[in-house]
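K.L.:
Structure incoming, see below.
The values are calculated or read from the model by the stated rules, or taken from the named source; none is laboratory data. Predicted model only: the values in this text are computed from it and were never measured. Here the Cβ is made from the backbone with ideal geometry for all residues, glycine too, and neighbour counts use every protein chain on show. Accessible surface is based on the protein model in full, side chains and every heavy atom, while ligands, DNA and RNA are left aside. Shrake-Rupley method; radii C 1.70, N 1.55, O 1.52, S 1.80 Å.
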Amino acid sequence: AQTDPSLGHRGLACFLVETDQPGFMPSQITAKMGLWASDTAEIALDDVTASSDSMLGSVGDGFKVAMSALDSGRYSVAAGCVGLARASLEESISYANERTQFDRPIAGFQLVQAMIADMVVKTEAARLLVYKAGSVKDAGKPSTLETSIAKYYATETAVWCSDKAIQVHGGAGYSRDHPVERYYRDARVTTIYEGTSQIQQLIIGRAVTGVDALKPMVAELD
Ligand SMILES: Cc1cc2nc3c(=O)[nH]c(=O)nc-3n(C[C@H](O)[C@H](O)[C@H](O)COP(=O)(O)OP(=O)(O)OC[C@H]3O[C@@H](n4cnc5c(N)ncnc54)[C@H](O)[C@@H]3O)c2cc1C
């Protein structure tokens, strides 16, 4: 909540809000492309009240609290994407050995192996970037840059690997007979939520150039 509009984002305070009051209005978002097992809702707050002992941190800390939540959220999205990439890879290896064309398993075609090899490399790189961000977090150091690098790479890798897994499966991959179409639908949102890939690029770019291309957005909050 904004406590003093003249302070911009420095006037924000973060509150936990009781959900059993009339102004708390969730509305379910249906017809999503993926994440069908997860409820997603839009939440509107109209004249809700919150007591001062439900404040997280102090007045003025709201923006920082929200940003620190993103460091954890982004990290867990990145870690989940390593799993999505790995599952895409494992399904592809299994199917490529099982499916025969021209009297041999399709795993015997070099171009199929090329797709699988690229999935191996990207999945391994994503895993190591997540481990690196995790080790910085475990050391209690600021991990915004490492988390953005891991989130950016791991989410793009999950989308790439699940797309290639469908390709390895051919037409069968486009049907619900195999899990890879679901992996793709579930992966697709990960480059969007918890900060889009473009926002991760801006965070990484800011860290290495020292020039803050995100600044106009923060300035707009002022
Ligand atoms: C399934 C699902 C669950 C979600 N869960 C949550 C949740 O729990 N909590 C929550 O707060 N939000 C949640 N979101 C919202 C999500 O975080 C936003 O959709 C996301 O941040 C992108 O914002 P937007 O949709 O307004 O896109 P826009 O901001 O309109 O972006 C559109 C495009 O413009 C680009 N763009 C925008 N601004 C810039 C810029 N300054 N520089 C460069 N490129 C830019 C984006 O990268 C993107 O490519 C969820 C969304 C989905 C789909």
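K.L.:
Please work out the FRET efficiency for the pair Thr49 and Ser72, using the Cβ-Cβ distance as r and a Förster radius of 25 Å; give the result to the nearest 0.05.
P.N.:
For Thr49 and Ser72, the calculated efficiency is 0.35.
K.L.:
Over the chain, give the accessible area per residue in Å² for a 1.4 Å probe, as an integer.
P.N.:
On a per-residue basis, the chain sits at 60 Å².
K.L.:
A follow-up question, please. Compute from the Cα atoms of the chain the Rg and the Dmax, the latter being the longest Cα-Cα distance, and quote both in angstrom.
P.N.:
Both quantities, over Cα of the chain: 21.6, 73 Å.
K.L.:
On to the next question. Quick one: pull the percent of accessible area on the stretch 18-84 belonging to carbon and sulfur, 1.4 Å probe, ligands and nucleic acids left out.
P.N.:
The C+S portion of the solvent-accessible surface of the stretch 18-84 is 57 percent.
K.L.:
Could you give the Stokes-Einstein D for the stretch 120-195 in µm² per second, using the C-alpha Kirkwood radius, 20 °C, 1.002 mPa s?
P.N.:
Diffusion coefficient, whole number: 160 µm²/s.
K.L.:
For the stretch 5-56, compute Rg over Rh where Rg is the Cα radius of gyration and Rh is the Kirkwood radius from the inverse mean 1/r over Cα pairs.
P.N.:
Using only Cα positions, Rg/Rh for the stretch 5-56 is 1.10.
K.L.:
Taking Cα pairs under 8 Å and at least six residues apart, what relative contact order does the stretch 78-184 come out at, in percent?
P.N.:
36
K.L.:
How large is the accessible surface of Tyr193 in square angstrom, using a 1.4 angstrom probe and rounding to the nearest 10?
P.N.:
The accessible area comes out at roughly 90 Å².
K.L.:
Please work out how much accessible surface Val208 shows to a 1.4 Å probe, ignoring ligands, DNA and RNA, in Å² rounded to 10.
P.N.:
Roll a 1.4 Å probe over it and Val208 shows about 110 Å².
K.L.:
Out of every Cα pair in the stretch 1-121, what percent are spaced more than 21 Å from each other?
P.N.:
Taking all Cα-Cα pairs of the stretch 1-121, the fraction more than 21 Å apart is 65 percent.
K.L.:
Hey, what number do you get for the chain at 222 nm if only DSSP H runs of n ≥ 4 count, each worth -39500 (n - 2.57), divided across all residues, to the nearest 500?
P.N.:
Helix-only estimate at 222 nm: -19000 deg cm²/dmol.
K.L.:
Within the chain, which complete DSSP H helices have Cα atoms spanning at least 24 Å along the helix axis and a mean Kyte-Doolittle hydropathy of 0.0 or higher?
P.N.:
62-98, 110-138
K.L.:
Next question. Given Cβ point charges of +1 (Lys, Arg) and -1 (Asp, Glu) and nothing else, what value in debye, to the nearest 20, does the dipole of the stretch 64-221 about its Cα centre take?
P.N.:
For the stretch 64-221, the charge dipole is close to 320 debye.
K.L.:
Separate question: Calculate what fraction, in whole %, of the accessible area of the stretch 121-203 sits on carbon and sulfur atoms when a 1.4 Å probe is rolled over the protein chains.
P.N.:
55
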